[in-house]
Each structure stands twice: as structure tokens, then as C-alpha cells.
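Q: Below is one structure. I have some questions about it.
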Amino acid sequence: MVNPVLIIAVPLLIAFLMPFFNYIHKKLPAFLALLTTAFNVLVISRNFSAIMSNPMVIEIGGWQPPFAINLYIGPLALLAITVINVVGLILSVYNLNHDYEINDKFYLLFLMIIAGASGMVMTGDLFNLFVFIEITSVAAYGLTVFNRGDSYEAAFKYIIIGAIGSVFLLIAVGFTYASVGTLNMAEISHLSPNLSPNLMRIITLLFMIGIGIEAELFPLNLWVPDVYSEAPTSVTSILSGAVSVAGIYALGRIFFTLFQDPALFSYLMIIGVITLIVGELVAYNQENIKRMLAYSSIAQMGLIVTIISINTSEAIAAGLFQLINHSILKVLLFISAGVLIKAAGSKKIEELNGLGNKKPIASLGFSIGAMGILGVPFFNGFVSKLMLINSTLNAEKIIITGLILFATIVEIAYYLKVVQKLYFSNRDKKVFKTANIFIPVLVLTIFVFALGIYPELITNTLNKAASELITNTEYITNVLGGM
Amino acid sequence: MINILTTALHFIGITIFSAALGLFFMGIARKIVARIQKRYGPPIYQPYLDVIKLFGKKAITHGFIFDFGTIMAFGGVIATLFFVPLGAWTLYSLNGTVVLIIYLLAIASLGMAMGTVGSGNPQASIGISRALTQMLGYELPYLVILFGLIYKYQTSSVFGLAQAQAGGIMNWNLFTYPVATVLAFVILIGMTGKKPFDAMIAPSEIGSGPVVESGGKYLGMMMLQKSITIIVELALFVNLFLGGADNILSFSIKMLIVWILATMVGSLFPRFKIEEGVKFFWKWPLIIAIIQVLFIIY
Amino acid sequence: MLINYIFIPIIAAFFAYLLNKKGKYIGSIITSLISAYILYQLIGLYGNWSLSQNINLSIMGNDLQLLFANNPLSWLFGIMTASATLLISIFTIKSQENYKLSSAFNFNFLILFGSIIGVVFASDFLSLFIFWELMTWTSFYIISGGKKAMAKKSAYRYFVLSAVGAYTMLMAIFMIYSQTGSFAIAETANYLQGISTTHSLTLMFMLALPFLTKAGLFPVHIWVKGAHGNAPKEFSPFLSGLMLKVGIYGLMVVLFLLPFSKVIENTLSYRGLSVFSYLFALLGAITTVTGTILAIRQEDMKKLIAYSSISQMGYIIMGIAIATPLGLTGGLLHMMNHLIFKSAIFLALAAVIYRTGTTKMYEMGGLIFRMPLTFATYLTAIIALAGIPPTNGFISKWVIYQALIEKGYLFLAVAAFFGSIGSFMYVFKPLSTVFLGQLKPQHEKIKEVPFLMQVPMYILMILMVLFGVVPGIQMSIISKISSFVGMEAVNYSLFTIEGAYGAWNSLIIFNIFTGGFVLSLFVFILARKSKLVGLLDTYTSGEYMNDAEAYHFAYQYYRPFDRMFDSFAAKSLTRAYESLAENIAKIGNGIRKTVITGNGQSYAFYAILFFVILAIAGWII
């Protein structure tokens, strides 16, 4: 039983020691990043079954200021952590063989973002959550600019919106503390039914805006297209695959555990649907492949939020499954797209024709990713799609189902265009050399098919995570039970 | 065995008879047209002389398909003859034959089409394309009328439909369904390729259309085919609308009357363009036929 | 084990792909062997009507059962699929030797084969949907691989249209599942009978939509022309011969297995048939007429035959929708016959494309002199298509006519007649412009196609005549299907079929026809022998002709007829769909321009505005 605190502590430590390691040897940072993420995954796997049977509560006493901050890792957090760190691991492998300029500071920030995201997910204290959100955001701002050029502008927009989000968050935390008197999540959820409904709504709203920026809700997600398309590929992947997961987790905690108010779920659903539809419609017209994928990410986030806000156990399970699949597929898509862009020398979709033969692995990765998102049978996206349609129809939300299916058709429209261009066109332009991404693609593909053919692999975990989210009593008793 | 032999002989006999009768009708038609145009015209037995002459001449051929097409055309129309009751000479009285006859006539047209287009002369192709277009034009109202008749009499055999009109002149479809009969008459003019529906042959325009390359025995077989086709079409009309007949003589007389009327009507008009022809068939005849059949059904 | 027949092709697909990279023929050979094997196995399944197989899955605490069963309808479709795959794969062994994407083709083709087997043997909607999706995806990839410029766009349109239908069905499936807890077709049938008519009709229509699209019925027929015309030349026979039929299979499931008739028992009826069934039949009639008119206009031979396929589908739907024993029999017969003669036509055309490299009819001519066997196949096939005795096409058309006349459906009959006579016109066009007429100088040197490509054509020719003379073979399975769906069977014997107003005896017809032909041959031979002259030596009113090109009448063969329908054809349904898609795209663009300004300050403003709006909304509500 390894102490899960190490998941946060070790990356942070290694991160800040990076300049030192760089001084020793130029290549060391990359390998160390790989080792750290591998270590994280190892820690998680050691604790996996233990946490599944009994959520783990760890109190960090002593070296923090007087508020007893605790970590809470239940099945839900476990799921999120696994995704975040596995994605981190795969991207560290990818980083070894990168095709852009990065140095030790990159790895510093990379490890920091992983630590921050993991922290967001594991914490049981509200202010701690805020701190980790800030860590993650700052790391993200920094990571974005490694591509130079237009990424400066993108990062700047991100900073602006992020700053506003932080303000909202801080106000929300302040209100919470003022009204409930504590910042511990379990206590808040225990005491929140006593709040006046209006106050609770305002607080929830403030939180939603603060966290919605990370969770990419409309209209707070407008930084996404710029950042995703200008940042280096592995940054985009980590943002899309890991940070968004943390964002959804935090959103879930606020809406389900801390301040449960059924009326607000309908707002969340509407926002989710708008995000979905807007994302898909705008993605359809894009000429730049990374922007297209960015809008697709936004749309998928909207979809997940919509599903989760239906507030039934099977819906949440379906939404979580969709989230996991989204992370896997988006990382695959972005990695492949990165190689294709480098090979074609341009981000425009028009320029990508005929790369199917020249860059088989990247094209195959892209196609598998696209087919997964669209829901081809035996791919993971298919199972999650079926599950989510099942849950929406069971909840009698027929219009939502129709809108989801409409969005899928628009998705089909724009993804298929790219796949066709890759494989069925001829190429007469130059093809540039690119990095080898065989291992990441292979590993991700194995995940895609494993989940597609044997979803039973994680259904147990999903069910537990869903039930944990829906009722907050277990959370409260686990943390405060002793008191 | 004997049965088959007698049937075969019967069949050959009927074929020869129909061919002869058809040529006779063709001669009569020429005479009538000539008289209407205030001239004497050729003798009535002229077609016989033509056929004999043609079979005596040498001809050219453009290859296998030219031969095959001609044989198929003639063979098809002979096969069709088998199913048509000619007065008392009914070889096949089983059901389901009306539609069959129409389609078998199509084999003949297809054969002729194939053969003549295979000659390589574009005028033949033009003629065939017109012929097929026109066929679409007149078949449609014709089949509508047939639909009505089959539905009314609950049988699709020509013989059966003829029998259903037994029992006196007033039972003829001519009098029970006069509108349908008139329409079928108009269609008959189209089917036999008389003016104003002869754009497909158009002697002065496309060199007689499909038969432009045929000479000698080919032209002879085409003439015979045409003659038998005329008989088949007339026989169909008589059986469906004029109550058939008990013996071949009265049958032939009925056919003759219809033929003379058709020729006389046909000689009055100039030629329609193809699309005018098709439009013509699809306007009033089709509408009237549909109304008529609706009456029958309800 | 039914599942094996689905997964063996799918697994073999991977081998075919890899091995085909080594040698060009290996992929097609593997496909042929696999399809032959499966065909053999399926034939052995005849009569084993109670064979079934379940796969149990448990996802998210829900127990799912995937059911597969063997029944006459599925069996027939399985046999049809395996035979078609076999014939086409034999053809492709030679015809794809220069095709760049042959590995991908065989890969997708094998998976397609497996998934169609999955579709027809599934007895619950979930399995059907899974394999239906697989089928659509693989055929999409195959069509995209066509050599023509429009291949990608046509495949794309095909897919989007199919997806709309498929997702509608998905919604219906899950709506039913949430109420019944099962996907099985039998359960669905029970459920649909228990709920209100409007509700169940909506559900059934939603279920039927993807099948209508796949079958190419009006108004979702617009993908057919593009897909057939631009697909690789060997795939068009499969598309037209089989994939359209899979849509028919689905429709039969909806119409007969979910008893449409029981559900609509108490609705309006027209001459003894519910209005809704009549609606389907009417759609079929419109499809027939539209397909015929549009076919006559085409200059590209594959597109012409594609439209012809749609109109034949209309026939089949008319037969099936009127739900009488004769109608069902006629529809099914026509379906089987259409598979045979349409594949033959497309294979013949593929052979021509293989040798000449073009699909435009006015660029060819006189090919009979160089490719006589191809011509013979084509001729037999169009005789069957036009429905002329003694081929099989006539029998099925005759039965359908009997069915329509029996019930007095005048308008349907008019459409059927129109389609039939019109078919003379459009089948003749390729015959005369491609095979007959003047041989172009650039085609002087071409030869007949290789033997392996001829074999499928011969087999199909024999089948056409065989089934024409002995319809009893087809009738035996069709009568089993009739009883399976609860309809009386039609009386038949080896050579005869009994209709409503008459019986059909093929043997007699065949004999008469032969007799007539012999007689005519006799006359021909007795006359004097004729002299063979060249093609350019024709009657030219005194002009001297040396240019074959100018002497070949092919372009706008039916111009007078086309003129009549010019305005009709100009109102293209395709353009309506296209403008719909464009409008959706415009909305997206509009949103992008107004909201996503790229301006950091405005984004910040949005955040605050968002809060204000939601706060007010929360206060008020």
C-alpha cells in the first residue's frame, strides 16, 4: 500500500529539480519525466483494488496550515487519476521522440500539470482544489507557448479567461466559507442543505464559471480552439486528455457532492447541449485540422456534461465511460494529427491529401481515432454511445437524444472528409520527415479495441464511480464518520 | 409424339396462312391509300411478288449479329402467333396470355432492333430509338385498358376474353365499352406504324429507318415479320373488342374491316414528331383510359 | 455455428490484406475461397429452421443477449450474399491486377461479407444494428476507392444518408428497449402490438428508415447514382445486386416480422389494404417511374444501370408492400432475379471498362466484334431485365402484374407498366451504343476479357435461362418464406406458377420460342447466301464515309423523350439535400463569426455576461 500522496508529491519534486537534472545531462529531463509518470501509474495500480473496496481518506496533517486538508480517493477519483496519469505516461513516451523544440523547462511544466491535475482530483478540501486548479492553469499557460509564433496570442487569451475564472472561484470559495464556516468538502456537503436555496445557487453558479473554463463549457471554452491549435502536440493532448477530465471531476463534485440542487441540473443540461451543438456546427467548417479537433473536443465535453446532468446512475456511468474514451481517442487523434501536420508542412486539411501511404501509422491512428469517436462497432466509442443513448431514453429525454444523434451526423460529416482525403487522394507535394509514434499509437489502439470488445473490463469501476457521485452520504461518512 | 407432330404441323400451317393473309392486307392497304390519293396504285397481290423477288436476290450482311437479329425477330413473331386465337384455330388456350403476347412482340422488336443497329448505319439506330420511344407512348394506355378488361372478366387469357363476349353482337366490348374500343383503335394505328405515327420508319427522312441496310432475304423476312405482326395485332384487337369469331373466315373479315378503317384514318394525317406522338398518347388516351378503368373497378 | 459464418470472413480479411501486399491475386483468391466455403456451409443449413445461437453479454449490469437464428428468409439472403461474393471475387482475381487499392478492397470486402451475413441472421435489433453499421462503413471505404473523381463525394453522401437512417433506427431501438428490456425482434413485435397505433407506426417508420435508404427508394434514392457510377467497377455489381436487397430484407422484417398488418388493422384502408402499406407501395411506384425516366437520360452506362436498379427496387417494394401471396412471391422472385441479371449486366460493363477504360457510352461502339462473349452476357441480361420470355425476368414481372391486377391497384400497375416498357428503352441504349454500331479506331486492338472474368458471366447467363425455364427451383424457397411470414403460399410446380387469372407454364413457352426460332432459321437458310461487307460500307445516300466516329449514333440517344422531361429532371432532389447541408454549414459559420471573435476581451466579457444571465434566470425561476 503505497501512499497516494506520492502521486502529487513526486512529480512536483522532480519538476522543481529539473534545471539541476538538465545541468547533469541534456537528455535526462525527458527520461525522468517518463520515469515519474511510470512511477505514478505504478502507485495507482498498487492501490487499485484497495481503493475499489474502500475509498481512501488520507489526512495531511502537520506541514500545512491549521485546516486539516485531506485527500479523498474513491472509485471516481481513481478512475480520473488513472486516466490522467496513463495519458501522461503515453505522452512522456511520445515526448521522447518529439518533433519540436523542447527543453527541460517543458518537462518541468509537464510534470507540474500532471501533479496539478492529479491533485485537483484527489483533494477533499475546497481551497486546495482552488490551489491545484491554479497550478494546472499556470502550467498550461506556460506549456502553450513552447511553439512560439501564434501560441503567444493563444496563451494570452487563455490567461485572461483563466484569470477571470480564478476570480470567480475565489469569490465562490469566499462565499462558501462565509456561509458554512469550513472549507472541507465533506463538511460542506454535510452542512449545505442548511443554506438558503438562492445563496446555494449563486455559489454553484460562481463555481460553475470558474471550473467551466477547465471543463470547456460554452461560452467559457473559447480559448480552446486557439490554444489547442497553436500549442505543441503533446500539450494539446495532455490538456484534452487529462486536464479536461479533472475539470469534469471538479464540476461533478460541485454539483453532486457539495451543493445538490435538482433545479440546476436542467441549466447544466442546456449549457451542455448548446456546447455540443455549437462545437459540432463550427467544427464542420474548419480548414485547420487542429482547430477542427479542438471544436470536436469542446463538443464532446458538452456531450459528457449533458449526460451527467441527467442525474441517474446509468447516465453518469455512461458519461464517465464517454469521458474515458474521449481521452484515449483524442490523444490518439492529436498525436496522429501532429505527425500529419509535420509531414504536410501545413495545418490545413486541404494539404493533407494522400498521406495514407506515406505515413501509414499516423494515418491509421487518425482513422482509428475518428472511427472511435464516431462510434463504429467494436470500437470503444460505440459502446459508450449506446450506453448514453440508453440512459437518455430511459430518462425520457427524447429531444436530447435527437440532438445528440444530429451532432453525431455532423461529426461524421467532417471526420470522414479528412479520412477520405488521407487515404483516397493522390499526393504530389513534398512530404517532410516526422517522428516515430508507433508505440503510443499501438498502446492507444489496444485500449480502443479492448474497451470496445470487452467493456466489462471497466464496467464495475464505472458503476461504483457513478453511485459514488450520485449520493454524497457515503462521501460524508467516509471522511467525517470517525468524528 | 403424334400430338406434338400434329401441333407442329398445325402451327406451320397457321404461320403460312397468317403470312399470306398479312401480305394480302398490306396489298389492300396500298390500294386504298392509292385510291384516296386519286391514283390507281399497285395491284393487290403486289406484296407477294415483292417477297418472292426479295428471296430470290442476293443480299449483303454486316456480320453475325445482323443475321441473328433478323432470325430472332422473325422467330419471335412466329412464336407469338402460337398464342393468338384466330377464330377457331386456337392452339393454346391456357390462361395468362395477354401480357405474354405483348412481351413476345417485344422479342421481335428487340431482335429487329439488334439486327438492324448491328448493321452500323446510324439511320437504323435513329429509327430504333424512335420506335422504342413511341412504343413507350402507346403501350401505356393500351396496358391500362387491358388492365381494366382483365379485372372485369377475371381472366388474362385472350381466348377467355374472347369467350367472355360470347352471346350476341351486343355483348361485344365494342358496345359495352365503346370508349375503350375507340382508344384501342387509335393505339392500333400507332402499333402498326401507320401515319401519323410512322416517324420511326419515316421513309424520306431516315431512309426507312431500321430496314435501311436490309436487302434480299433480310428484307423479305422483315416484310414477312411485318405481315405476321399486323395479323397478331389485328387479331388481338378483334378478340378483345369484337368478340372473336367462331371460324377463321368471319375472323378474317372482322380483321379486314378494322384494317381498312385504320388505313383510311391513317392516310389522312401527316407525320407526328416522336415526342408529339408520345405526348399525344399520354394526354387524352391515357386520361380517358384511366377514367374508363376506374369505372370498371368501382 | 452461425457466428462462425460472420467472423470467419472478418478474420480472413486481415490475412487477405497482408497477403495481398505480397501478391496481387492472393487477396481475391482468399475472398473467393472463403465465400465458396461459406456458401457450401449455408447450403447445408437448408431445412434447419430451428437453428439458433445466443451470445450473452453483461454490460453495466444490463444483461444483453445477441440472438442469431436461421429461418427461410435469412437463409435465402445468406445464400444470395455468398453467391454474389463468390462470383465477384472470381471476377476480381483478374480485373484488379492494376488496381492500387486491391488490398484494401479485399479487406473491406471480406468484412462487408461477414457483416451482411450478420445482418441477415440476426434476430435481435442490436446485433442487426452493429452489423449494419459495419456494413455501411466497409462499403463506404470500398466506394471511396473508386478511380473516378467523384468517388469520394459519392461515398460521402452515401454514408451521411445511411447514417441519418441508421441513427433514427438506433433511437427507435433504444426507445423500445427502455420499455421492454429486450432487443429481440419477437419481443418488439409483441410490444408494438400493445401500444397505440400512432406510437407504434412512428416507431416502425423509424425502424424502417435505414432500410428504405439502403434500398434506394424515393426520396432517399439520390446516393445510388453516384455510388454505383463511381465505385470500383467490380463493386457496382455487388452494390446493385446485393446491398440494395439488404434494405429489402430489413423492410421485410419490419413489414412482416413486426406484424405491420396487425398493427394497422384498424386504420384506414384502401381496397382492403391499409393506407400505410399502400404508401410504401406508392413510394415504390414513384421510384420505378423516376428511376426509369432518369435512366433513359444517362450517358454514362454505369449510372444508367444504377437508375435501372432503383426502378427495379420499386417493383420489389410494390410486390412486397401489397401483402398478398402473389405480391410477396413476385417481389421475392424479382429480387432473386434482379440479383442475377443486374450482376451480369454490371459484370459485362466492368469487362468493357476493363478493356476500354471509359464509361461514357458515346466513346465506345462496335464492341461486339471484339468482345462477343461479353455481348452475349449483356444481351441475355437485358432480355431478362426487360422481362422477356423465356428468361427469369419475365416470370417475376408477370407475377407482380397478376398481383397488382388482382387487387385492382390501377396506379401501381400503370407505374409498373411504365417501368417495364421504359426498360426496353434504357437497356437498349448501351446495347446499341456500346456493342453495336461502328467500332472506334482506338478500340481496334482490344480483346475479349480473360477467362477468369468470363466464368462468372457464363454462370449467370446459365442461371438466367435456367430459372426462366424452371421457376420451381426458386419457388420452393419462396413458398417456405411465405409460410414463415404467415402468408399463404402460391401454387407452383417445377415448370409452372399459378397466378390470379392464369397460370404460367415455362416449359411450353420455352418450347414454342425455340420452335419459332427454328422455323425462322429454316427460312433463313433456305434462301440464298449473303455477302459479308464491312461496317463502313452502308447506305449513305451517295456520300463517301471514312470516319467511323461520325457515323455512330450514340450521344443523346433518346433526345426527343428527354426533352419531354427536361424540366422534371432539373428539379433535382440532390440539390435540395445539398442546400440543406449548406444551410447547416452556414449556421455554423455564422456562429463562428459572431461569437468566436478571437478577441480575448470579448471572451472575458462573455464569462461575466454568462454569469449575469444565469443569475437572473436563477432568481426569477
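The values are calculated or read from the model by the stated rules, or taken from the named source; none is laboratory data. Please read all numbers here as calculations on a predicted model, not as lab measurements. Cβ coordinates were reconstructed from backbone atoms using ideal geometry, including for glycine residues, and neighbour counts include every protein chain displayed. Surface accessibility is based on the protein's heavy atoms, side chains included, excluding ligands, DNA and RNA. Shrake-Rupley method; radii C 1.70, N 1.55, O 1.52, S 1.80 Å.
Q: Using only the alpha-carbon atoms of the stretch C:120-201 as identical scatterers, what base-10 log of I(q)/I(0) does the Debye formula give at q = 0.15, 0.17 Å⁻¹?
A: Per q value, in the given order, log10 I(q)/I(0) is -0.64, -0.74.
Q: Now for a different question. So which GluC sites (Glu not before Pro) in the stretch A:82-183 are both in a DSSP loop and have at most 10 other Cβ atoms within 10 Å of their Cβ? List each step's numbers first, then the result.
A: Details: sites: A:E101, A:E134, A:E153; in loops: A:E101.
In loop regions of the stretch A:82-183 (DSSP not H, G, I, E or B), the sparsely surrounded GluC sites (Glu not before Pro) are A:E101.
Q: For chain B, what does -39500 (n - 2.57) per DSSP helix run (n ≥ 4), summed and divided by total residues, give at 222 nm, in deg cm²/dmol to the nearest 500?
A: Details: 13 runs with 214 residues, N = 298.
Taken over chain B, the calculation gives -24000 deg cm²/dmol.
Q: Counting Lys +1, Arg +1, Asp -1, Glu -1, what net charge surrounds C:P237 among other residues with beta carbon under 13 Å of its beta carbon? Present the calculation step by step, with values, prior to reporting the outcome.
A: Details: positive: C:K233, C:K245, C:K302, C:K342; negative: C:E234.
Within the 13 Å Cβ shell, the charges total +3.
Q: So which residues in the stretch A:149-168 end up with at least 10 square angstrom less accessible surface once the other protein chains are there, compared with the chain by itself, probe 1.4 angstrom?
A: A:K157, A:I160, A:I161, A:I164, A:F168
Q: If you rank C:K447, B:K57, A:K397 by how much accessible surface each has, with a 1.4 Å probe, what is the order from largest down?
A: C:K447, B:K57, A:K397
Q: How large is the charge dipole for chain C, taken about the Cα centre, if only the Cβ atoms of Lys, Arg (+1) and Asp, Glu (-1) carry charge, to the nearest 20 debye? Display every interim value, and only then the final one.
A: Working: 40 positive and 23 negative charges, 292 e Å.
In debye, rounded to 20, chain C gives about 1400.
Q: Now, a different point. Tabulate in residue order the Karplus-calculated ³J(HN,Hα) for the stretch C:456-465, using 6.51 cos²θ - 1.76 cosθ + 1.60 with θ = phi - 60°, rounded to whole Hz; enter x for Gly and Pro.
A: For the stretch C:456-465, the Karplus-derived couplings read x, 5, 4, 4, 5, 4, 4, 4, 4, 6 Hz, x marking Gly and Pro.
Q: Determine the distance separating the Cα centre of the stretch A:103-160 from the Cα centre of the stretch C:334-367; give it in Å without decimals.
A: Rounded to whole Å, the Cα centres lie 63 Å apart.
Q: Sticking with this structure for a sec: Taking 25 Å as R0, compute the FRET efficiency from the Cβ-Cβ separation of C:Y544 and C:L521 and round it to 0.05.
A: Numbers: r = 36 Å, r/R0 = 1.44.
E(calc), rounded to 0.05, equals 0.10.
Q: Lys and Arg at +1, Asp and Glu at -1: add these up for the other residues within a Cβ distance under 14 Å of B:R39 and post the number.
A: +4
Q: If you don't mind, there's one more thing I want to ask. Would you please name the chymotrypsin sites (Phe, Trp or Tyr not before Pro) within the stretch B:22-115 that are DSSP coil residues with at most 15 other C-beta atoms within 10 Å of their C-beta?
A: On the way: sites: B:F24, B:F25, B:Y40, B:Y45, B:Y48, B:F55, B:F64, B:F66, B:F68, B:F74, B:F82, B:F83, B:W89, B:Y92, B:Y103; in loops: B:Y40, B:Y45, B:F83, B:Y92.
When the chymotrypsin sites (Phe, Trp or Tyr not before Pro) of the stretch B:22-115 are filtered for loop state and at most 15 Cβ neighbours within 10 Å, B:Y40, B:Y45 remain.
Q: Could you please state how large a percent of the accessible area of chain C is carbon and sulfur, counting protein chains only and using a 1.4 Å probe? Please list the in-between numbers first.
A: Values: 13630 of 21150 Å².
Carbon-and-sulfur percentage of accessible area, whole number: 64.
Q: If you roll a 1.4 angstrom probe over the protein chains with everything in place, what fraction of the accessible area of chain B belongs to carbon and sulfur, to the nearest %?
A: C and S atoms contribute 71 percent here.
Q: Then there's this: Starting from the amide H of C:L64, placed 1.01 Å from N in the peptide plane, find each other amide H under 5 Å away whose residue is 5 or more places distant or on another chain.
A: It is C:L57, C:S58, C:I59, by chain and number.
Q: Take each of the peptides A:79-85, A:343-349, C:435-441, C:425-431, average the number of other beta-carbon atoms within 10 Å over its residues, and list them starting from the highest.
A: Numbers: A:79-85: 26.1, A:343-349: 17.9, C:435-441: 22.9, C:425-431: 24.4.
Final packing ranking: A:79-85, C:425-431, C:435-441, A:343-349.
Q: Based on the alpha-carbon gyration tensor of the protein assembly as shown, what equivalent-ellipsoid semi-axes (square roots of 5 times the eigenvalues) come out, in whole Å, largest first? Let's see the in-between values first.
A: Numbers: eigenvalues 1095, 203, 136 Å².
Calculated on Cα positions only, the semi-axes equal 74, 32, 26 Å.
Q: Further question: Along its three principal axes, how long is the stretch C:364-432 when you only count alpha carbons? Whole Å, largest extent first please.
A: So the extents along the principal axes, rounded to whole Å, are 49, 20, 10.
Q: First obtain the Kirkwood hydrodynamic radius of chain C from its Cα pairs, then insert it into the Stokes-Einstein equation at 4 °C and 1.567 mPa s, and state the resulting D in µm² per second as a whole number.
A: Numbers: Rh = 26.1 Å.
My calculation gives 50 µm²/s for D.
Q: Other chains' Cβ within 10 Å of C:151-158 residues: what's the mean?
A: Values: counts 2, 8, 2, 0, 3, 6, 0, 0.
Shielding by partners across C:151-158 averages 3.
Q: Apply the Debye scattering formula to chain A, with a single equal point scatterer on each alpha-carbon and no solvent, then give log10 I(q)/I(0) at q = 0.06, 0.13 Å⁻¹.
A: -0.24, -1.22
Q: Taking just the alpha carbons, could you work out the radius of gyration and Dmax for the stretch B:2-297, both in angstroms?
A: Cα only, the stretch B:2-297: 18.7, 56 Å (Rg, Dmax).
Q: By average Cβ neighbour count within 10 Å, what is the ranking of C:44-53, A:304-313 from highest down?
A: Working: C:44-53: 12.8, A:304-313: 24.3.
Highest mean packing first, the order is A:304-313, C:44-53.
Q: Moving to a separate point now. In Å², and per residue, what accessible area does the protein assembly as shown have when probed at 1.4 Å with the other protein chains present?
A: Details: 47930 Å² over 1402 residues.
Roughly 34 Å² per residue, with all protein chains present.
Q: To continue, here is another question. List the residues of the stretch C:164-196 whose accessible area drops by at least 10 Å² when all protein chains are present, compared with their chain alone, using a 1.4 Å probe and counting only protein heavy atoms.
A: C:V164, C:Y167, C:L170, C:M171, C:F174, C:M175, C:Y177, C:S178, C:Q179
Q: Shifting gears a bit: Go through C:274-284, A:263-273, B:128-138 and give me the packing order, highest mean Cβ count within 10 Å leading. Mind showing how you got there, number by number?
A: Values: C:274-284: 20.5, A:263-273: 18.3, B:128-138: 25.4.
So the order, starting with the most tightly packed, is B:128-138, C:274-284, A:263-273.
Q: Would you calculate, for chain A, the mean residue ellipticity at 222 nm contributed by helices, counting each DSSP H stretch of 4 or more residues as -39,500 (n - 2.57) and dividing by all residues, to the nearest 500?
A: Values: 22 runs with 359 residues, N = 483.
Taken over chain A, the calculation gives -24500 deg cm²/dmol.
Q: If you don't mind, another one. Give the longest segment of chain C that steers clear of GluC sites (Glu not before Pro) in DSSP loops with at most 14 neighbouring Cβ atoms within 10 Å, not counting the sites themselves.
A: Values: sites that count: C:E97, C:E265, C:E444, C:E488, C:E543.
Longest site-free region, per DSSP loop and neighbour criteria: C:266-443.
Q: In Å², nearest 100, what accessible area do chains B and C bury in total when the solvent probe is 1.4 Å? Display every interim value, and only then the final one.
A: On the way: alone 14240 and 27250 Å², together 34830 Å².
About 6700 Å² of accessible surface is lost on pairing.
Q: So how many Å³ per residue does the convex hull of the Cα atoms of the stretch C:550-589 work out to? Provide the component values of the computation, followed by the final result.
A: On the way: hull volume 3.7 nm³, N = 40.
In the stretch C:550-589, the Cα convex hull volume per residue is 91 Å³.
Q: At R0 = 25 Å, how high is the FRET efficiency between C:Y37 and C:Y458 if r is their beta carbon distance? Nearest 0.05 is fine. Could the numbers behind the result be given before it?
A: Working: r = 22 Å, r/R0 = 0.88.
E between C:Y37 and C:Y458, to the nearest 0.05, is 0.70.
Q: Taking the Cα centre of the protein assembly as shown as the origin and placing charges on Cβ (Lys, Arg +1; Asp, Glu -1), which of A:N221, B:A34, A:G345 is farthest toward the positive end of the dipole?
A: B:A34
Q: Which FRET efficiency value, to the nearest 0.05, do you get for B:S250 and B:Y48 by plugging their Cβ-Cβ distance into 1/(1 + (r/R0)^6) with R0 = 22 Å?
A: Between B:S250 and B:Y48 the formula returns 0.40.
Q: Next question, about the same structure. For a quick check: with amide H placed at 1.01 Å from N, whose amide H comes under 5 Å from C:L532's, ignoring anything fewer than 5 positions away on the same chain?
A: Amide H to amide H, under 5 Å and 5 or more residues apart or across chains, C:L532 pairs with B:T61.
Q: To the nearest 20 Debye, how big is the dipole of chain A about its Cα centre, given +1 on the beta carbon of each Lys and Arg and -1 on that of each Asp and Glu? Don't skip to the end; give the middle numbers.
A: Working: 25 positive and 25 negative charges, 283 e Å.
With Lys and Arg at +1 and Asp and Glu at -1, about 1360 debye.
Q: Roughly speaking, what % of Cα-Cα pairs in the stretch A:299-338 are separated by over 17 Å, rounded to a whole number? Mind showing how you got there, number by number?
A: Working: 266 of 780 pairs.
When every Cα pair of the stretch A:299-338 is considered, 34 percent fall beyond 17 Å.
Q: Rounded to the nearest 20 Debye, what is the dipole magnitude of the protein assembly as shown about its Cα centre when Lys and Arg each give +1 and Asp and Glu each give -1 at the C-beta? Could you put the intermediate results ahead of the total?
A: Working: 84 positive and 58 negative charges, 949 e Å.
So the dipole magnitude of the protein assembly as shown works out to roughly 4560 debye.
Q: What figure in square angstrom, to the nearest 10, would you give for the accessible area of A:R253 with a 1.4 Å probe?
A: Result for A:R253: roughly 10 Å² accessible.
Q: Can you tell me the Rg and the Dmax, both Å, for the Cα atoms in the stretch C:1-123?
A: 15.8, 52
Q: Of all accessible surface on chain A at a 1.4 Å probe, what whole percent is carbon and sulfur? Numbers along the way, then the final one.
A: On the way: 10570 of 15840 Å².
Ligands and nucleic acids excluded, carbon and sulfur give 67 percent.
Q: First select every other residue whose beta carbon is under 15 angstrom from the beta carbon of B:T155; then total the charges, Lys and Arg +1, Asp and Glu -1. Walk me through the numbers before you get to the answer.
A: Numbers: positive: B:K152; negative: C:E406, C:E498.
Neighbourhood net charge equals -1.
Q: Here is a follow-up. With a cut-off of 8 Å between alpha carbons and a minimum separation of six or more residues, what is the relative contact order of chain C in percent? Before the final figure, lay out each step's value.
A: Values: 945 pairs, mean separation 71.5, N = 621.
Value for chain C: 12 percent.
Q: Hey, another quick one. Loop only per DSSP, at most 15 neighbouring Cβ atoms within 10 Å: give me the chymotrypsin sites (Phe, Trp or Tyr not before Pro) in the stretch A:402-483, ordered by residue number. Please report the intermediate quantities before stating the final value.
A: Values: sites: A:F406, A:Y414, A:Y415, A:Y423, A:F424, A:F432, A:F438, A:F447, A:F449, A:Y475; in loops: A:F432.
Listed in order of number, the matching sites are A:F432.
Q: If amide H atoms are built 1.01 Å from N in the plane of the peptide, which residues on other chains or at least 5 residues away come under 5 Å of the amide H of A:L183?
A: Distant-sequence amide H within range of A:L183: zero hits.
Q: Could you give the DSSP H helices of chain B that reach 24 angstrom or more along their long axis (alpha carbon positions) and whose average Kyte-Doolittle hydropathy is no lower than 0.0? Intermediate results must be reported in sequence, preceding the final value.
A: Numbers: long enough: B:2-36 (50 Å, 1.54); B:64-82 (27 Å, 1.84); B:97-117 (29 Å, 2.20); B:122-153 (45 Å, 0.70); B:216-241 (38 Å, 1.23); B:248-266 (26 Å, 2.04).
Helices passing the filter in chain B: B:2-36, B:64-82, B:97-117, B:122-153, B:216-241, B:248-266.
Q: Enumerate the calculated ³J(HN,Hα) couplings along the stretch A:260-277 in order (Karplus 6.51 cos²θ - 1.76 cosθ + 1.60, θ = phi - 60°), each rounded to whole Hz, writing x wherever the residue is Gly or Pro.
A: The phi angles translate into 8, 9, x, 5, 6, 5, 5, 4, 4, 5, 5, 4, x, 5, 4, 4, 4, 5 Hz.
Q: I need the phi-derived Karplus couplings for the stretch C:391-408: 6.51 cos²θ - 1.76 cosθ + 1.60, θ = phi - 60°, integer Hz, Gly and Pro marked x.
A: In residue order, the calculated couplings are 8, 5, x, 5, 4, 5, 5, 4, 4, 5, 4, 4, 4, 5, 5, 4, 9, x Hz.
Q: For peptide A:401-412, compute the average count of partner chain beta-carbon atoms within 10 Å of each residue's beta-carbon.
A: Taking the mean over all residues of the peptide, I get 4.
Q: Then there is this: If you find the alpha carbon centre of the stretch A:238-283 and of the stretch B:129-200, how far apart are they in angstrom?
A: Value for the Cα centre distance between the two parts: 73 Å.
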